[in-house]
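Heads up, the thing below is written out as structure tokens.
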Amino acid sequence: MPSPIITLTTDFGLKDPYVAEMKAVILSISPKAIVVDVTHGVEKFNIRMGAYALASASPYFPKGAIHVGVVDPGVGTIRRSLLIQTKHSFYIGPDNGVLTLAAKSQGIVHIYEISNRKLMLLKISNTFHGRDIFAPAAAHLANGTSPIEFGPEVFKIVTPDFAKIIRDGDVLKGEITHIDNFGNIITNLGENEIKAMKIKQFANIKLKDTKLKLKLCRAYAEVRPQKPLAMIGSHSFLEISINQGNAAQMFDTKIGDTVTLYRTNRS
């Protein structure tokens, strides 16, 4: 059998020993596990950024991979610890939305609250559930422990605004979830939602208070340099871009701003 894969996405950075401690726990319980760092450079406490990174990377791992996401400003509070089973992967982390984008995009099958103390470290700190709860849970799951052993099944998870999409007839409303280093504006409007809207050649978009009619392109170079465009990007979300320019600067946008997509007869 191939070695189990466990990925880590956190806001811990690499200056402190926190990431190494999580890996040490995982490998102590599941020595054959392959541990992959997605990123530890998520902005501190930025759940949206962590959710985007996890949702972007996780589809490319083999089926059955175990993804641990820890951006957890509510650590030590009554927020739940979750194990989410999807049609493709498993997700482990706090119930604060960091897992939601990725899990929902892959089709949630079961959700379990991690409460079985036998599958945690003996001593659990109030401030480091990544090491004491989530890392051991991932390792035990990698060893073949059934998801139902971790705790009771639950049926709702936190769905933050950045994971919500509202459709009202010919109007689709979401928000900006990420702005990359090129200034591309990446929304939470997914490829399936765009297809359902039957958008063809042009996307009619309201970005904050600015109305735009943008060519729906397959490549940036389909418009002239410094001209705006819309496209389904490499992570299957609607992007607003400037060919060889910075869309976020041009349109004075930031993460969390509202994006509205309209379908007209001329689209």
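No value in this document is a laboratory result; all are computed from the given coordinates. If you're wondering where the values come from, they're calculated on a predicted model, not measured in any experiment. Cβ atoms come from the backbone with ideal geometry, glycine included; neighbour counts cover every protein chain shown.
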Residue separation times 0.36 nm, minus the C-alpha to C-alpha distance between residue 202 and residue 166: what's the value?
10.9 nm
Using alpha carbon centroids, what distance separates the stretch 91-146 and the stretch 40-89, in Å?
10
Would you kindly derive the ³J(HN,Hα) couplings of the stretch 204-214 from the backbone phi angles with the Karplus curve 6.51 cos²θ - 1.76 cosθ + 1.60 (θ = phi - 60°), listing them in order in whole Hz, with x for Gly and Pro?
8, 10, 10, 10, 6, 10, 9, 9, 10, 10, 10
DSSP bridge orientation in the chain - percent antiparallel, rounded to nearest 5
75
Simple spin-label estimate for residue 258/residue 27, 7 Å along Cα→Cβ, in nm, reads 5.0
Sort 85-92, 13-20, 198-205, 43-50 by the packing proxy (mean of other Cβ within 10 Å over each peptide's residues), most packed first.
85-92, 43-50, 198-205, 13-20
Can you compute the helix-only [θ] at 222 nm over the chain? Use -39500 (n - 2.57) per DSSP H run of at least 4 residues, normalise by all residues, nearest 500 deg cm²/dmol.
-4500 deg cm²/dmol
Run the simple label-point estimate for residue 182 and residue 210 please: 7 Å along Cα→C-beta, distance reported in nm.
1.8
Distance cut-off 26 Å, percentage of C-alpha pairs in the chain lying past it
44
Of the DSSP beta bridges with both residues in the stretch 5-154, give the percent that are antiparallel, rounding to the nearest 5.
50
Would you mind classifying the stretch 42-84 by shape? Square roots of the alpha carbon gyration tensor eigenvalues, ordered a ≥ b ≥ c; an a/c under 1.5 is rounded, otherwise it is prolate if a/b is larger than b/c and oblate if not.
oblate
In whole Hz, with x marking every Gly and Pro, tabulate ³J(HN,Hα) for the stretch 12-29 from phi via Karplus 6.51 cos²θ - 1.76 cosθ + 1.60, θ = phi - 60°.
6, x, 10, 6, 9, x, 4, 5, 4, 5, 4, 5, 4, 5, 4, 6, 5, 8
Return a whole-number percent for the relative contact order of the chain, with Cα pairs under 8 Å and 6 or more residues apart as the contact set.
15
Say the cut-off is 30 Å between C-alpha atoms; which of 87/208; 15/87; 23/63 go over it?
87/208; 15/87
If each residue of separation counts as 0.36 nm, what is the full-extension length gain between residue 227 and residue 116 once their alpha-carbon separation is subtracted?
34.4 nm
Once you order the gyration tensor axes a ≥ b ≥ c over the Cα atoms, which shape class does the stretch 5-154 get: rounded for a/c under 1.5, otherwise prolate or oblate by comparing a/b with b/c?
rounded
